[in-house]
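Everything on this sheet refers to the single structure shown next.
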Ligand SMILES: [Zn+2]
């Protein structure tokens, strides 16, 4: 146990976060919001970050125990845990440094969001329940685990601090997946699931009425909500 975690209240909060991350990892995988190829989940507790280890998907199939979740400082130095840091930990740490509003981050490969990632298409809200996230933008390409990827994710989230504070904000990494940061882990998990549902509905509604009519319906949703306010 390091000095930074010596305070009993902090160490209790860290243990709660590690258990919560293990539970959310199982749910993400069960609900096809991520896959064996990857994803990572983190929670900030004061000046430390609890983060899923590398190979959580490919070797563990997201059956993590709380003690598998690593604890690192904001510079990425491991304080507690046995595994290797995941490749996307750079993005998580960068987001915590740039966005103090954010207390949890999920990077995932949700099955319907991936369709938009491979087509490099943004996801506009088509449900009342996803309007608050705005249009989920596609960031410029940068290879997985590069510093440039962290730059692009942070740049696309800039200006979305109010969304992070209220619930969460997200971006799509082309040919890869989603990055989502929010006020706590429940809020971020909820956002990822809502955005994936929204992505599925766009695909199905386009098949039903075509892209042009759906775009009109999407504009009608925004109008209806603004008028009702
Ligand atoms: Zn990934």
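Every number in this text was worked out from the coordinates using simple rules, so none of it is lab data. Please read these numbers as outputs of a predicted model, since none were measured by experiment. Cβ: placed from backbone, ideal geometry, glycine included. Neighbour counts: every protein chain shown.
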Given contacts defined as C-alpha pairs under 8 Å and at least six residues apart, what's the relative contact order of the chain, whole-number percent? 18 percent
Contour minus Cα-Cα span, residue 220 to residue 84, at 0.36 nm per residue, comes to 44.2 nm
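Indicate the gyration tensor shape class of the stretch 64-109 (rounded, prolate or oblate), computed on the Cα atoms with a ≥ b ≥ c the square roots of the eigenvalues: a/c under 1.5 is rounded; otherwise a/b larger than b/c is prolate and the rest oblate.
prolate
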How far is helix 8-30 tilted, in degrees, relative to the longest principal axis of the Cα atoms in the chain, given as a value from 0 to 90 rounded to the nearest 10? 40 degrees
Using only the alpha-carbon atoms, how far is helix 185-209 inclined from the longest principal axis of the chain? Give it as 0 to 90 degrees, nearest 10. 30 degrees
Residues 164, 106 arranged by fewest to most Cβ contacts within 10 Å: 164, 106
So between residue 111 and residue 128, what do we pick up on full extension, going 0.36 nm a residue minus the alpha carbon distance? 4.0 nm
Starting from 0.36 nm per residue, how many nanometres of slack lie between residue 30 and residue 229 once their C-alpha separation is accounted for? 67.9 nm
Residues of the stretch 92-106 with backbone nitrogen within less than 18 Å of a virtual label 7 Å along the Cα-to-Cβ line of residue 161, please, listed as ranges. 94-104
Global geometry of the chain, whether rounded, prolate or oblate, following the gyration tensor of its Cα atoms and the 1.5 cut on a/c: prolate
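Sort the stretch 1-81 into rounded, prolate or oblate with this rule: let a ≥ b ≥ c be the square roots of the eigenvalues of the Cα gyration tensor; rounded if a/c is under 1.5, and if a/c is not under 1.5, prolate when a/b is larger than b/c, oblate otherwise.
prolate
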